[in-house]
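Written out below as structure tokens is the structure these notes cover.
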Amino acid sequence: MTRVLHAEPHDTGTRDTAPNRADEAYDTVFSYRELARLDEALTMSSRETGLRFTLYIGDLGSQTRLRAEELHARGGDPADSVLLAVSPGQRVIEVVTGPSAARRLPDRACALAVLSMTNSFSSGDLVGGIVNGLRQLSDQAGHPRGAHTH
């Protein structure tokens, strides 16, 4: 995790995976510091791995996996994307990977990251759990092929 790839800055949220920043509820759920931590974790995970990490926090409905897969498909470039969908009220975490991302993030690695997140969530640390889960996922995915460390 010491290597930083050259990458253009990008907003990791999409219309379907992130609420409108002008929405008042957006500011009351998380503090600006928490939002900054989440944004930094998403950005660093994407830069370090070359995969596009996105995050959805909210209700996933009755068919949580199906809804998470729908959100993932709408996120842009789903083959190289990883969606972390967290529904605290339902006590559900879904990790959806595209085909290319899945080769670098096997189910076992995703399950270990989810286990780590649930441990943090049970102690009341939603943001810390997500940040640590993203770190674990990016560590497992590793650096993109062909990239050189300086």
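On a full-extension model of 0.36 nm per residue, what is the gain between Glu34 and Ala73, subtracting their alpha-carbon distance, rounded to one decimal in nm?
Here the answer is 11.4 nm.
How large is ³J(HN,Hα) for each residue in region 66-77, as worked out from phi by the Karplus curve 6.51 cos²θ - 1.76 cosθ + 1.60 (θ = phi - 60°), to whole Hz, x for Gly and Pro?
Values per residue, Gly and Pro as x: 4, 5, 4, 5, 5, 4, 4, 5, 8, x, x, 6 Hz.
Under the classification rounded if a/c is under 1.5, otherwise prolate if a/b is larger than b/c and oblate if not, where does region 70-127 fall, given a ≥ b ≥ c as square roots of the Cα gyration tensor eigenvalues?
Working: a/c = 3.06, a/b = 1.62, b/c = 1.89.
Because a/c hits 1.5 or more and a/b fails to exceed b/c, region 70-127 counts as oblate.
Assuming a ≥ b ≥ c are the square roots of the Cα gyration tensor eigenvalues, decide whether region 31-85 counts as rounded (a/c under 1.5), prolate (otherwise, with a/b larger than b/c) or oblate.
Working: a/c = 3.22, a/b = 1.25, b/c = 2.58.
Oblate.
For Asp59, what accessible area in Å² do you get when you roll a 1.4 Å probe over the heavy atoms of the protein chains, rounding to the nearest 10?
Taking all protein chains as shown, Asp59 has close to 100 Å².
If amide H atoms are built 1.01 Å from N in the plane of the peptide, which residues on other chains or at least 5 residues away come under 5 Å of the amide H of Ser81?
Excluding prolines and chain starts, which carry no amide H, the hits are Arg52, Gly98, Ala101.
Got a sec to turn the phi values of region 33-44 into Karplus ³J(HN,Hα) couplings, 6.51 cos²θ - 1.76 cosθ + 1.60 with θ = phi - 60°, whole Hz, x for Gly and Pro?
In residue order, the calculated couplings are 5, 5, 4, 5, 4, 5, 4, 5, 5, 5, 5, 5 Hz.
Mind checking the full-extension length gain between Gln63 and His143? Use 0.36 nm per residue of separation minus the Cα-Cα distance, one decimal, nm. Working shown, then result.
Numbers: separation 80, 0.36 × 80 = 28.80 nm, distance 3.31 nm.
Full extension of this stretch gives 25.5 nm more.
The values are calculated or read from the model by the stated rules, or taken from the named source; none is laboratory data. Worth saying up front: this structure is predicted, and the values here are computed from it rather than measured. Ligands, DNA and RNA are stripped out before the accessible areas are found, and what is left, the full protein with its side chains, is counted by its heavy atoms. Shrake-Rupley method; radii C 1.70, N 1.55, O 1.52, S 1.80 Å.
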